[in-house]
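K.L.:
Quick one: this structure, given as structure tokens, is what I'll be asking you about.
None of the figures in this text is laboratory data; all of them are computed from the coordinates on show. This one's a predicted model, so the numbers in the text were calculated from it and none came from an experiment. No Cβ is skipped: glycine too gets one built from the backbone with ideal geometry, and neighbour counts run over all protein chains shown.
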Amino acid sequence: MKGGIKIKMKIKTIDINVKEWFDKINGNSYFAGEIFLNYGLKNVKCIFMPFQYGYGEHYQDEGFKAICEELKIKTDLRLYRYCEENNIILRTNKEENCLKKDLLIY
């Protein structure tokens, strides 16, 4: 902190990695995972996304919401647009057909 002002982290890369489990009995999808900001750099930061309901690309929206909460970012932009406008490299990965227990480690 310089002069009482919090300096925001400069994001160069966002990596969102999740595992997805489909509950066949109830017909619902769930995911959990981790987000790495500035992966491979000295100022890397990890944010965990706990077990939660969602399917398709919903994990990306929830991941960006977690980033915004963690870094106090105020924006109405979606993840892809935010990355495009701020020259941020975005990588996402969803591992499907996982077991429920694989998601509970986050």
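K.L.:
If you find the alpha carbon centre of segment 5-44 and of segment 56-89, how far apart are they in angstrom?
P.N.:
Result: 11 Å between the Cα centres.
K.L.:
Lys8: which aspartates and glutamates have alpha carbons under 12 Å from its alpha carbon, excluding same-chain residues fewer than 8 sequence positions away?
P.N.:
Within reach: Glu70.
K.L.:
Hey, for a label at Ile89 modelled as a point 7 Å past Cα toward Cβ, could you say which residues of segment 8-22 have their backbone N under 12 Å away?
P.N.:
Under 12 Å, as judged by backbone N against the label point of Ile89, lie 12-15 of segment 8-22.
K.L.:
Hey, with R₀ at 25 Å, roughly what FRET efficiency would Leu71 and Phe51 work out to, going by the Cβ-Cβ distance, to 0.05? Mind showing how you got there, number by number?
P.N.:
Details: r = 23 Å, r/R0 = 0.91.
The pair Leu71/Phe51 has a calculated efficiency of 0.65.
K.L.:
May I ask for the angle, rounded to the nearest 10°, between helix 58-71 and the longest principal axis of the chain, with both axes built from Cα atoms and the value confined to 0 to 90°?
P.N.:
Roughly 30 degrees between the two axes.
K.L.:
With charges set only on the Cβ (+1 for Lys and Arg, -1 for Asp and Glu), what does the dipole of the chain come to about its Cα centre, in debye to the nearest 20? Spell out each step's value before the answer.
P.N.:
Working: 18 positive and 15 negative charges, 129 e Å.
It comes to approximately 620 debye.
K.L.:
Helix-derived [θ] at 222 nm for the chain: sum -39500 (n - 2.57) over DSSP H runs of at least 4, divide by residue count, nearest 500? If you can, show how the numbers build up before the last one.
P.N.:
On the way: 3 runs with 25 residues, N = 106.
Only helices count here, giving -6500 deg cm²/dmol.
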